[in-house]
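As structure tokens, the structure follows; a few thoughts come after it.
The values are calculated or read from the model by the stated rules, or taken from the named source; none is laboratory data. From a predicted model like this one, the values you see are computed outputs, not experimental measurements. Here the Cβ positions follow ideal geometry from the backbone for every residue, glycine too, while neighbour counts run over all protein chains shown. SASA here: full protein model, heavy atoms, side chains in, ligands and nucleic acids out. Shrake-Rupley method; radii C 1.70, N 1.55, O 1.52, S 1.80 Å.
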Amino acid sequence: EEQGYDAVVNSCVSDPGLFEMRSVVDIPVTGCFESSTHLAATMGARWSVVTVEEVVVKRFDKLLVDFYGVRPSMASIRHIDIRASQLYPEITPTEEVARRVVEVSKKCVEEDGAEVVISGCTIMSALFTNYFDEDPVDIIGAPVIDPMFTAFKFAEMMVDLRQLAGYPAVSRAGLY
């Protein structure tokens, strides 16, 4: 903020430090999980998250889903059983990560009733935006949200609303 930035985007789907960042700046701060879950709830009646490992599932489910108020539209949170630090091609072949992501995403759609899937890791989200040539709907049967794009667009929207309508970046009446 002091350096003249209009907004901050937290680039991890676990939204670490999001609340603390909002409490110390007066510019918009957006998180990948928060913005993606709210977008998903407008795109379909039920959404799922496909993330990296069980510990991340617990963070989403035990902390963020209820805080963001999105539990009623959540179908499931599943994982591909690969640590985020192991997603790099020199460690785990991209083909293997892609195979697991597709397999788990299809379970979300077919078994859990998800109408939208959120990529639960920004490293993993690049698969659907850069690796696959096909539309995710053709691959798994539902749209897939890339949380980085969503967080950036939410930040842009918040900056625009601040400039056009005078909306503050955050309310100081409560938590922030």
For the chain, accessible area per residue (1.4 Å probe, heavy atoms of protein chains only), Å²: 52
Longest exposed-site-free window of the chain, the sites being GluC sites (Glu not before Pro) in a DSSP loop that have at most 14 other C-beta atoms within 10 Å: 3-89
Interchain or long-range residues, amide H under 5 Å from D15's placed H: C32, F33
Hydrodynamic radius of region 92-172 per Kirkwood, over alpha carbon pairs, in Å: 14.4
Within the accessible area of region 79-176 (1.4 Å probe), percent carbon and sulfur: 53
Nonlocal amide H pairs with I77, under 5 Å, H built at 1.01 Å: V49
The chain, relative contact order in percent, only Cα pairs under 8 angstrom and at least six apart counted: 30
Semi-axis lengths, Å, region 68-123, gyration tensor of Cα atoms, sqrt of 5 times eigenvalues: 24, 13, 7
Per principal axis, descending, Cα span of region 35-136 in whole Å: 38, 29, 24
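Please quote Rg/Rh for the chain to two decimal places, taking the Kirkwood radius as Rh and restricting both calculations to Cα atoms.
Ratio value, two decimals: 0.99.
Round to the nearest 0.05 the FRET efficiency obtained for L161 and M43 when R0 = 30 Å and r is the Cβ-Cβ distance.
Computed FRET efficiency for L161 and M43: 0.90.
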Mean shadow area of region 1-42, taken as a quarter of the surface of its Cα convex hull (nm²): 3.2
Amide H within-cut-off set for A7, under 5 Å, with H built and near neighbours excluded: none
